[in-house]
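Asker: Shown below is the structure under consideration.
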Amino acid sequence: MVNLQRVSARLAQEYGLDAPAMSRYAGLVSEVGELGKGILLNSEYGKRELRATKDIMHEIGDVLFSIGLLANELKLKKEAVHMKKFQHDASNFARKYGLDAPVMARYVDLVSEVGELGKELLLGSGYGKEELKITDDTAKEMGDVVFSLTMLANELDLDLEECFVVAMEKYKERFEQTGQIGS
């Protein structure tokens, strides 16, 4: 079982990745954009069925890492989550309520939820003029982002924990080679 927030926090400290919440949010937006680009390219802009590739796994892992970094910065609870169980529960929930959707719809839902989280961060900081105040709505929107990403991974038949581990390995290898985790 991977504790997303603890692993993200440890790597951020190890690699000197200190940043305020709004910068963490910008990083999340960037990673979600990269995931979208990967989905579009992999499906040849929707002309063929999307295949879950190593690149898509990396992108989903990158989004998870960004979520972990932001959750740490927002000081949300650091409880360990068994990702396989979470994915299973989300799948059952979707099946029970008829929430099946194609990959592109799942991706658009993820983007929408990331936007709603951004709105809460703006409201909680007086549009950047005040110190950020975390509310219950902030935590709920973060949960919605995680749920949307989980539903996307389920649609692609990808294991979130494996995606996260693959991304962390990529970051460690990059850092050892270049002294930074960015490409």
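Asker: Take residue 71 and tell me if it is surrounded by 13 or more Cβ atoms within 10 Å (Cβ to Cβ) and not in a helix (DSSP H, G or I).
Answerer: No, not satisfied.
Asker: Of all residues in the range 51-69 being under 17 Å from residue 150 (Cβ atoms) and over 12 Å from the mean Cα position of the chain (by Cα), which is modelled with the highest pLDDT?
Answerer: Taking the candidates together, the pick is 56.
Asker: Scan the range 82-107 residue by residue and report those that are farther than 20 Å from residue 36 by Cβ, in contact (Cβ under 8 Å) with a residue 60 or more places away in the chain, assigned to a helix (DSSP H, G or I) and not small (Gly, Ala, Ser). Please lay out each step first, then the result.
Answerer: So in the range 82-107, the residues farther than 20 Å from residue 36 by Cβ come out as 82-100.
From what is left, the residues that are in contact (Cβ under 8 Å) with a residue 60 or more places away in the chain are 82-84, 86-87, 90-91, 94.
Still in the list and also assigned to a helix (DSSP H, G or I): 83-84, 86-87, 90-91, 94.
Within the range 82-107, 83, 84, 86, 87 qualify.
Asker: Just checking, does the range 109-120 include any residue being of a type outside the set (Asp, Glu) and closer than 18 Å to residue 164 by Cα?
Answerer: Taking every residue of the range 109-120 in turn, at least one turns out to be of a type outside the set (Asp, Glu) and closer than 18 Å to residue 164 by Cα.
Asker: Please list, ordered by first then second residue, the pairs with beta carbon atoms under 8 Å, 6 or more apart or interchain, first in the range 124-139 and within 12 Å of residue 76 (Cβ to Cβ), second in a helix (DSSP H, G or I) and modelled with pLDDT under 90.
Answerer: Short answer, once both residue conditions are applied: none.
Asker: Please enumerate the residues belonging to the range 117-160 that are of a type in the set (S, T, N, Q) and part of a loop (DSSP other than H, G, I, E, B).
Answerer: Result: 125, 135.
Asker: Then there is this: In the range 70-85, what count of residues is obtained for those that are under 27 Å from residue 30 (Cβ atoms) and either touching a strand residue (DSSP E or B) at 6+ places or on another chain (Cβ under 9 Å) or at pLDDT below 80 (or both)?
Answerer: Going through the range 70-85 one residue at a time, the tally reaches 6.
The values are calculated or read from the model by the stated rules, or taken from the named source; none is laboratory data. Model, not experiment: these values are computed from the prediction. A quick note on method: Cβ atoms are made from the backbone with ideal geometry, for glycine too, and the neighbour counts reach across all protein chains shown.
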